[in-house]
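Since the structure comes first, as structure tokens, the remarks are kept for the end.
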């Protein structure tokens, strides 16, 4: 249900992006991104008192929930006042009067949304993911609908803020109606120590993540026209399609079993390597196909006036092949009880990457894209080093699980590359050509899975049930053993 919710939110998000990008200019999109990034950075400081501490408590008392709500309200009021004080300077710095109403409305949206955090944490604690999905999906649809409505009415940047308010009201209203924890608004600080203890590492990590995501847009907004920020934001969105469409789904398969292995204290090394193999065999081919199809995707989603986005998005997608171990590192280290290492990894890798990206920002959008080929390999190497400290594996073992995924990736793009060569090596395709390329990629991926006997093949065959017998018989036995040696020695979780 949680995965379904992710995909529904993704569909709503991309419909909104497609419609709004056709209605607004890159400069208007850029101003909204700058404003949203500033809001994200400032209000991320609330993470030091995150309501998620309620999830890890053995038992939850009323005072715990009331404290979570009280601290959230106090921090929201304090940060809102700080932002209001700085508002004239921000508007003057970015030379845009439209940011003033945008910030005022976004402050209201963030304040309303904060009231839902304790209730949402309790719903997740009770494993009521279906209700969480329903609430978030309805809120996303309302947010998108209001944003598009006011964009059509030519409210420009303010459309995003009005949509955010509508979404926040929906989220908070539905959460309170579901939980009916009206008593949580009664002030209390009796559980402040528990909030502070949990927020020390978790909050700091979340703050670093939020700053890292928002910093490039803030920097670009200070040294480039807002149109450049809008283009960079859309390039990031398009290049992140593989992450949001593929990686999150594979992660839901790979990580829970890996987490179970951590809890049961089985061979974490083998379980981690198997999870890596699952991620790369899907993520790498998806990224390479995205690199080939970015031009038609951009044309459909963004329309005219966004041509500069295409080469930037292509480079960002290609550099993301180095991201594969990073997504597992923090949760694995936390699961192993290495909280300090998890925090250190996160702040070191993010800080160094931010320095690299910000330095490149002074040389333009393409420079930022190229800088990812330095920042992401560095994050990859740090991730592997930190995990090896607590779940040692040999580099040769890592190569053994990555090699089959590499072969599958080559098999995936072989057909599309041949067709593109026949088309004169152009990367702008008609709708029919894009469909043919996608079909050839899917066939190549499936064939590569079978030919290498990749461990992920078993997941596919298990999902197919009795219909998979002919595929099992078709896989060459000569290719079945060596590439999947790590996977055959142990399964995820033992």
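Nothing in this text is a laboratory measurement; each read-out follows from the coordinates by a stated rule. Note that the structure is predicted; figures quoted are calculated from it, not measured. Here the Cβ positions follow ideal geometry from the backbone for every residue, glycine too, while neighbour counts run over all protein chains shown.
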(message) So if each residue of separation counts as 0.36 nm, and I subtract the Cα-Cα distance between residue 78 and residue 18, what length gain in nm does that give?
(response) 18.0 nm
(message) Run the simple label-point estimate for residue 385 and residue 92 please: 7 Å along Cα→C-beta, distance reported in nm.
(response) 4.4
(request) Which order do the peptides 59-68, 160-169, 386-395, 422-431 take when ranked by the mean count of other beta-carbon atoms within 10 Å per residue, highest first? (result) 160-169, 59-68, 386-395, 422-431
(request) Label segment 92-198 by shape, choosing from rounded, prolate and oblate, from the square roots a ≥ b ≥ c of the eigenvalues of the Cα gyration tensor; if a/c is under 1.5 it is rounded, and otherwise prolate applies when a/b is larger than b/c, oblate when it is not. (result) oblate
(request) Can you bin segment 75-114 into rounded, prolate or oblate? Criterion: square roots of the alpha carbon gyration tensor eigenvalues sorted a ≥ b ≥ c, rounded for a/c under 1.5, prolate for a/b above b/c, oblate for the rest. (result) oblate
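Taking the beta-carbon count within 10 Å as an exposure proxy, list 106, 380 from fewest neighbours to most.
The most exposed by this proxy come first: 380, 106.
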(request) Work out the FRET efficiency for residue 392 and residue 352 from their Cβ-Cβ distance, taking R0 = 30 Å, and round it to the nearest 0.05. (result) 0.80
(message) Taking 35 Å as R0, compute the FRET efficiency from the Cβ-Cβ separation of residue 190 and residue 339 and round it to 0.05.
(response) 0.90
(message) Stokes-Einstein diffusion coefficient for segment 325-393 at 25 °C in a medium of 0.890 mPa s, Rh from the Kirkwood formula over Cα pairs: what value in µm²/s?
(response) 195
(request) Alpha carbons only, please: Rg and Dmax for segment 13-171, in angstrom. (result) 17.0, 51
(request) For residue 138 and residue 403, compute 0.36 nm times the residue count separating them, minus their Cα-Cα distance, and round to one decimal in nm. (result) 91.2 nm
(message) Counting other beta carbons within 10 Å of each residue's own, what order do 154, 267 fall into, fewest first?
(response) 154, 267
(message) Under the 0.36 nm per residue contour assumption, what length would be gained going from the current alpha-carbon distance of residue 428 and residue 410 to full extension?
(response) 4.3 nm
(message) Using helices alone, I'd like the mean residue ellipticity at 222 nm for the chain: each DSSP H run of four-plus residues gives -39500 (n - 2.57), total over residue count, nearest 500.
(response) -26500 deg cm²/dmol
(message) Based on alpha-carbon atoms only, what is the radius of gyration of the chain relative to the globular estimate 2.2 N^0.38 Å?
(response) 1.01
